[in-house]
Amino acid sequence: MNIKVRSRYKKEFLTDSTHIFILSAFAIAQPLYDLLSRYSDFFIARHSKPIDIVLLTLFLSILIPLFLVLIEIGLKLINDGIRKIAHLVLVGILIITIIFPILKKFDFLGELLIWVIVFIGGGIFIFGYVRLKQLKTFITFLLPAVLIFPILFLFFSPVTQIVFPEKHEISQKKQLNEIKTYPPIVMVTFDEIATPYLMNEDRQIDSIRYPNFASLADQAHWFRNATTVAHTTRWAIPAVLSGLYPSLEKPKSPSIVHYPNNLFTFLGDIYQLKVIESRTKLCPEDLNLTNKYTNSKNLKERQTALFSDISVIYLHYLLPQSLSHKLPDISQDWGQFFRKKVELSKNKKKIKKILKGRSKLFKQFLDSISPSQDPTLFFIHILLPHEPLEYIPSGKTYGYYSNYGLTRGKWTKDEWPVLFEFQRYLLQLQYSDKVLGELLTKLKNTKLFDDSLIIVTADHGVSYRPGCYRRSLTEKNAGDIMPIPLFLKLPNQKKVVINDLNVESVDILPTIADVIGKQLPWPVDGHSVFSSSFPQRDNRTTLGRKKYTFTSSAFREMFTESLNHFLTLFSSEKSKRNGLYEIGPYNIIGKNVSQFRIAKKKSVKIDISEMLPFIENVDPDSDFIPCLIDGDIITNTPLHLAISVNGIIHGVSKTQ
């Protein structure tokens, strides 16, 4: 081969490689940069470090196209003709990847027609790519995009504030005579608790089902009509911590960049801060003495989780509805989309590692609590009883994460799967009560309970109604989403108060300021609940996909309907023992199977083979208990089922 031919082949290969980088930038990198820029909360919620985002950028813009080029190089070593064919195939795939997500927005065309248009368009492009030199030249002119896309993402998008965080310095000079006047503050914000689910028929806390919430209510101010101002954590938690209403017109990420004035910066000059944030980043890192959660994963673990979740997000972007609905749901959380059942393993260390999670996080919070000469804020936003639903009241886990009957955040119209998921949620709510009890015990054992200002609340509620959204606020589920628990125990409080003021979550920060006697240096939308000028609030407003405003009387009616709906399904422990388990039309929990005639039906086939290794190897001392039985039942008609353990019926279900 002469020098000119070799030079032509080299130039051709260089052009082809350049085109792979360019088309990959448009097909893969830019769509993800655009999505992640618009939803920078994705990185905030998972506490991503700047290095995580930089490495992701290198992976999307450099490593993916480089890998494709290396494939071509490997084929070139075999035969250049094969490489050229492979190059055209790669170009075709990348072009289809660019075209299809655009066309699938026009869903009125129908999926089949879209595929036809995509393949015809892709074929025409490949034909032009082979025949028209001008088309190749045009693609080559797009080369700057390979650098422009990542530069815009890293330096000129909302992600920039995470990659290059600003330092928020707060003077920590404390006057000794002032320090002694400030009480310890303990604040727990649960996730997804609707007040009606805690109550009984008397509109009191169900003290049998939730003894620790009831105990706190008996020692504090319980604001029974408290409501959230937003249906999602990304807006609700900042509203609690800043005292400001969220805005649909100017949405903000839940970070200190957008909320520099918040509870932590307010107290940072006089309080030690021991803060655990699960889905926000409002506390200045240099002031936070508790960074265990954000530093709990090493770079390899963070990157593995990040790339796994990014792949699910991209597939949702890329694939048609007929395929994407089989992917893990990405509408309910910011990560861990590939959650799976706990696999049986003889390796107990492996099981333990799988089961680490929120229980461990709350233990870290408890371990951080100790008396100090300096006033201290102990704060945690804990994802309980938020999904994944995996805990029973004891704190043991059954290791299942999937939601039955939930598609893209909306419940099926079939009542049974929704009822079953509601039951799982309430069992996890009982576990939330248990961790609250552990907190109260810790505070009393350390002699901090009496002297502390204690706030226990939730960011928003959650709904379990067939055909309705689980979390997205609508007029139908507002009574489940808007009401939140709010308990506030003053230092050395002796009197129990049930208060029915129209309190909103934005009132929490100004109330804290009022109680400790420190004036807020910036204006807020909320008011101290102890202020004589507290507003009557004739209307209650909560932000969903749009702003919902209800009169206070209408809200009370929705609250009552939510409570009645809940009690109809599960009663209270006062009126019905085993209320959470006694679901469906048959009252048979606790009865011996010998009391019933067992009918044998040849037409029914049962397969629980995947569960058998769990059931046959139960360790009562393990953190993992296989109490959710999953399998297949083939039958001609729907069946009601009873699950017995050692001859006693402990659960009921129904085939789908």
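The values are calculated or read from the model by the stated rules, or taken from the named source; none is laboratory data. The structure displayed is predicted, hence computed values, not measured ones. Note that we place each Cβ from the backbone using ideal geometry, even for glycine, and neighbour counts take in every protein chain shown. Side chains included, ligands, DNA and RNA excluded: accessible areas come from the protein's heavy atoms. Shrake-Rupley method; radii C 1.70, N 1.55, O 1.52, S 1.80 Å.
Between L248, L241, which is part of a helix (DSSP H, G or I) and closer than 28 Å to D480 by Cβ?
On the way: L248 fails: part of a helix (DSSP H, G or I).
Step by step, each of L248, L241 is checked, and only L241 is part of a helix (DSSP H, G or I) and closer than 28 Å to D480 by Cβ.
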With the condition kept exactly as written, say whether any residue in segment 349-365 is part of a strand (DSSP E or B), more than 17 Å from the chain's Cα centre (by Cα), at negative phi and modelled with pLDDT of 85 or more. no
Per the filter on segment 553-592, residues open to solvent by 50 Å² or more (accessible area, probe 1.4 Å) and in a helix (DSSP H, G or I) are S553, R556, E557, T560, E561, N564, T568, L569
Which numbered condition trips up L520, out of (1) within 15 Å of R224 (Cβ to Cβ); (2) surrounded by 15 or more Cβ atoms within 10 Å (Cβ to Cβ); (3) out of contact with any Ser or Thr (no Cβ under 9 Å at 6 or more places or on another chain)? (1)
Here is a list: L440, L389, L448. Which entry is of a type outside the set (S, T, Y) and either in a helix (DSSP H, G or I) or in contact with a Ser or Thr (Cβ under 8 Å, 6 or more places away or on another chain) (or both)? L440
Is one or more of the residues making up segment 529-541 touching a helix residue (DSSP H, G or I) at 6+ places or on another chain (Cβ under 6 Å), under 30 Å from P585 (Cβ atoms) and in contact (Cβ under 8 Å) with a residue 40 or more places away in the chain? no
Any hit, segment 72-87, residues being in contact with a Phe, Trp or Tyr (Cβ under 9 Å, 6 or more places away or on another chain), at pLDDT below 90 and basic (K, R): yes
Please go through segment 397-435 and give me each residue that is among the β-branched types (V, I, T), modelled with pLDDT of 90 or more and open to solvent by 10 Å² or more (accessible area, probe 1.4 Å), ordered by number. T412
Among the helices (runs of 4 or more DSSP H) confined wholly to segment 115-170, which include 3 or more residues that are within 30 Å of S253 (Cα to Cα)? 145-155, 160-163
So which pairs qualify, if the first residue must be in segment 124-153 and in contact (Cβ under 8 Å) with a residue 12 or more places away in the chain, the second must be among the charged types (D, E, K, R) and surrounded by 13 or more Cβ atoms within 10 Å (Cβ to Cβ), the Cβ gap must be under 7 Å, and the two must be at least 6 apart or on different chains? Y129/K136
Can you name the residue in segment 15-48 that is among the aromatic types (F, W, Y) and in a helix (DSSP H, G or I) and is also farthest from I102 (Cα to Cα) among such residues? F43
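Those residues that are farther than 21 Å from R279 by Cβ and outside any strand (DSSP E or B), I need them from segment 451-476; list them, please. Outline the logic, then answer.
Of all residues in segment 451-476, those farther than 21 Å from R279 by Cβ come to 451-454, 464-468, 474-476.
Listed by number, the residues that qualify are D451, S452, Y464, R465, P466, G467, C468, T474, E475, K476.
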Considering each of E72, E12 in turn, give the residue that is charged (D, E, K, R), part of a helix (DSSP H, G or I), open to solvent by less than 10 Å² (accessible area, probe 1.4 Å) and over 19 Å from A145 (Cα atoms). E72
Please specify each residue of segment 290-304 satisfying the condition of being modelled with pLDDT of 80 or more and open to solvent by 30 Å² or more (accessible area, probe 1.4 Å). N298, L299, K300, E301, R302, T304
Would you say I625 is open to solvent by less than 80 Å² (accessible area, probe 1.4 Å) and free of Cβ contacts under 8 Å to residues at least 24 places away in the same chain? no
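Checking the condition open to solvent by 10 Å² or more (accessible area, probe 1.4 Å) and of a type outside the set (A, V, I, L, M), which residue from S311, S278, S324 passes? Lay out the reasoning, then the answer.
Numbers: S278 fails: open to solvent by 10 Å² or more (accessible area, probe 1.4 Å); S324 fails: open to solvent by 10 Å² or more (accessible area, probe 1.4 Å).
Unique residue meeting the criteria: S311.
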